[in-house]
Every structure is written in C-alpha cells, then in structure tokens.
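What follows is a single structure, written as structure tokens, with notes after it.
FYI, it's all coordinate maths here, none of it is from the lab. These figures come from a predicted structure and were not determined experimentally. Ideal geometry is used to build each Cβ from the backbone, glycine not excepted, and the neighbour counts take in all protein chains shown.
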Amino acid sequence: MTSAATRVGDLERETARTRLVEAYAAGRIDAPELESRAEAVWSAARVADLAAVVDDLGEDPAPPGAADSRFVRDLLVFLTCGAIAVLAWHLTGPGFFWPVWVLVYTGLPLLRFLIPRSAAHNWRAPRS
C-alpha cells in the first residue's frame, strides 16, 4: 500500500493522464479542465497531489463490447497498413518483401485476442 507522502514517477503520472483523457472523452470534464488537470498531473510530486487531481473522476469500467471494438480497430489497422505497404512494395518494384515488418508490427496486437487469458497466466514457470 502506498502512503500519501510517497513520491510518484512518470508511470503513475501517465496512468493519471490516461484517466483524464478518458474522462474528457466520456464528457465528464471539458477541454480547459483537461489542460489544467494535465498540468497538475505532470507537476505532482506525491501520491496525495496526484489523487487530488483524479480521484473525483471515478472508475471507468470497460464498456460492454470494448474488446470487440479493440479487435475491429486492430484488425483494420493491420489490413490498412498492410495493404498500403504491399501496394508501395509492388509499385516500387519487387525485391525484398519489406512489408513483412509492417505486417508483423501491426499484427502483434491481434495475438492478444487469439490467446485466452487463462492460458497466458499458465505460461509462467511454477514456483518451487
């Protein structure tokens, strides 16, 4: 458990900033408030300072179908970027098939939908 006097790092500030952006996207805060709170987040030195900025936003439960929309988004990114890269490769003349790197990079997020969460947790080595 962290006390209110514990210093915060960039990871905690980035998590708080993400909560602010999500609250803005949900319409709970407006743009000027987002800016002022973001400045407060990046200037926060202690847990208490950070909590004062984001605690009144509440928790954001994942909306129903959030995983489905992420899958569709990731699939569209994969297909669009892949098609553009393959087209560019084809138009510049066949050679080394460099679009494979684009396909691998944009395809990696799709793997999280292929591996069940329970299986991912079972990959850890057993403790002795």
(message) 7 Å from Cα along Cα→Cβ at both residue 111 and residue 36: what's the point-to-point distance in nm?
(response) 4.5 nm
(request) Highest first, please rank the peptides 44-51, 92-99, 69-76 by the mean number of other Cβ atoms sitting within 10 Å of their residues. (result) 44-51, 69-76, 92-99
(request) Kindly write out, for segment 11-20 in residue order, the coupling ³J(HN,Hα) from the Karplus curve 6.51 cos²θ - 1.76 cosθ + 1.60 (θ = phi - 60°), rounded to whole Hz, with x marking Gly and Pro. (result) 5, 5, 5, 5, 4, 5, 4, 4, 4, 5
(request) Collect residues whose amide H, placed 1.01 Å from N in the peptide plane, falls under 5 Å from the amide H of residue 46; neighbours closer than 5 in sequence don't count. (result) 8
(message) Starting from 0.36 nm per residue, how many nanometres of slack lie between residue 47 and residue 103 once their C-alpha separation is accounted for?
(response) 16.1 nm
